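Reviewing the structure listed below.
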Amino acid sequence: MNTNMEKVIIPRAEHSISRALLSPNGVKVLYKLREHGFIAYLVGGGVRDLLLGREPKDFDVVTDATPNQLKKLFRNCRLIGRRFRLAHVHFHDEIIEVATFRSTVDAAEAALEEAAEAPPEEPTEAVSEAEQLEDERGRRRRRQHHGPPILKSEDGMVLRDNVFGTPEEDAIRRDFTVNALFYNISDFSIIDHVGGMEDLKNGLIRTIGDPLVRFTEDPVRMIRAIRFASMLGFNIEPRTEAAIEALCGTINKATPPRLYEEVLKLLLMGAGERTYQMMRHNGLFEPLFPHFDAWLSRESDGYPHVRVSKALEWVDDQLAQGVPVSAPLLIALMFGEYLEEKVTTFREAGLPPQQATDAAVAAFAGELSPTVAVPNRVLVTVRDILNLQQRFHKTPGRNGRGVIARPSFGDALQYLRFVERLTPPKRSLAEWWERYVAQQLEAQGAPVEAAGSEAAVEAPKKKRRRRKRRKKPGPAPE
């Protein structure tokens, strides 16, 4: 992999990162590694976000210490990962992820190097002193690569990657230029091997090396490119975007559980609507959600389906206000209109409301399972959210307190608020249930909080009745 880039060092006076902005635990890890003779840098999203004036979510460290050396050095360390071994250094309120420099050597090159290291069986012709010196340098470079070789599938997808290398090679092995900047704690400089500072200034997401090769090695990088572009408000560099459009159909080579986690990250970062539009534009949405995408392409009663965009805008607004959005609520909102149409179809086939909802969610789960594996516990909550929409029309109906004590009540009430926002009713059911929750809290002497909040929902739970113990029979009369 050749990037044809020269190493650039940006001194402290020419960048905006201050040591005071770093995680104290991350600084401890960096200094301890250096004290024991290892190279150690802060790397990745933490450096990128600090340079952009954003608050980093995590602080990752990269070093030449191997995972086993890290395990011996840090008592609070756990090794994780199979494809590439990582060290998690645990602190009271934070985990610092530490990785060993990766190499650019692949399995084929490793085999050739091993063969080159083997002693010749027959005497060879005399070589010049310069050739001997160059050969010795090559051996030294090869000895720096240790660990099991990279394992790739027949089509080039990386299955295992535990070949360790140098800082330069590690930077080149990273996915995008803006994520490959090193912060050097020894002199507070930024080290740039791949032109990341320039792309950061120009607002570009660019792969390091050939994007067709990089996306073949790990198809999830295509999702990450869109996530970073949406989150940072950047554009995707033309060659990188063209490679996504060419290889978007290969995204399903990643495992469905991993794709579920990546989709959650995409849509719950505060720019879900922009992400959704970019994914549809670049062709990534269709292979992830083929049935739903086909439905989106069809109009209903002569109108296009725009509710999914409005739902994601609503989610973005909630996150911007600091209101958490759970995974079940996100899925219910995003696919709500699609699921409601399925419920109507089952109702027309003769099923009662609750059974129709159960059947609709089950059919939806079957459609998703080959591509994006949503956990069953999440789908059960999605089903409860939809079922409660029917129950909300009975105010309060039988056992109203039991309704607001259900675990999914808070998410179901938020779903109702969103639906009423689309078509404001004359009488708001959401406001009625909010008042009902407040009344129940007041009756119990509990502090009245925002109705529908987690604390408000949990307060009216019934007290458990203590079972009376049966008295032991007395001794039999003699």
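The values are calculated or read from the model by the stated rules, or taken from the named source; none is laboratory data. These numbers were taken from a predicted model, which means no experiment stands behind them. Glycine gets a Cβ as well: all are built from the backbone with ideal geometry, and neighbour counts include every protein chain shown. Side chains are part of the model used for accessible areas, which takes the heavy atoms of the whole protein and leaves out ligands, DNA and RNA. Shrake-Rupley method; radii C 1.70, N 1.55, O 1.52, S 1.80 Å.
Accessible surface ranking for H90, H393, H305, 1.4 angstrom probe, highest first: H393, H90, H305. Show me, bin by bin at 5 Å from 0, the whole-percent P(r) of region 222-334 based on Cα pairs. All Cα pairs considered, the percentages come to 2, 11, 21, 24, 21, 14, 6, 1. Gain on full extension, evaluated as 0.36 nm per residue between R347 and E313 minus their Cα-Cα distance, stands at 9.2 nm.
Dimensions of region 262-397 along the principal axes, based on C-alpha atoms and rounded to the nearest Å, stand at 41, 33, 32, largest first.
If R0 is taken as 25 Å, the Cβ-Cβ distance between K253 and W295 corresponds to a FRET efficiency of 0.55. Amide H contacts of R102 (H built 1.01 Å from N, in plane; Pro and chain starts excluded): G165, D170 sit under 5 Å, all sequence-distant by 5 or more or on other chains. Which entries of K7/K201; K7/K71; K253/K310 show an alpha-carbon separation above 26 angstrom in the structure shown? Exceeds cut-off: K7/K71; K253/K310.
Only protein heavy atoms count here; under a 1.4 Å probe, S369 has an accessible surface of about 70 Å².
Summary value for region 31-106: 25 percent relative contact order, contacts being C-alpha pairs under 8 angstrom separated by 6+ residues. The string of couplings for region 54-70 from the Karplus curve (6.51, -1.76, 1.60, θ = phi - 60°) is 9, 8, x, 7, 8, 10, 9, 10, 10, 8, 8, 6, 6, x, 5, 5, 5 Hz, one whole number per residue in order, with x for Gly and Pro. Computed with every protein chain present, the accessible area of T207 is close to 10 Å² [probe 1.4 Å]. Excluding P56 itself, what net charge comes from residues whose Cβ is under 12 Å from its Cβ, given Lys and Arg +1 and Asp and Glu -1? Summing Lys/Arg as +1 and Asp/Glu as -1 gives -2. Run the Debye formula on the Cα coordinates of region 3-45, all scatterers equal and no solvent, and tell me log10 I(q)/I(0) at q = 0.23 1/Å. Debye output, listed in q order: -0.99. Run the Debye formula on the Cα coordinates of region 180-286, all scatterers equal and no solvent, and tell me log10 I(q)/I(0) at q = 0.13, 0.17, 0.22, 0.24 1/Å. So the normalised log intensities are -0.50, -0.81, -1.21, -1.35.
Given an 8 Å cut-off on Cα distances and at least 6 residues of separation, report the relative contact order of region 342-409 as a percent.
26 percent
Taking all protein chains as shown and a probe of 1.4 angstrom, Y31 keeps an accessible surface of around 70 Å². Residues S428, S16, sorted by accessible area with the largest first, give S16, S428 [1.4 Å probe; ligands and nucleic acids excluded]. Note on exposure: E262, E340 ranked by accessible area (1.4 Å probe, complete protein assembly) read E340, E262, with the most exposed listed first.
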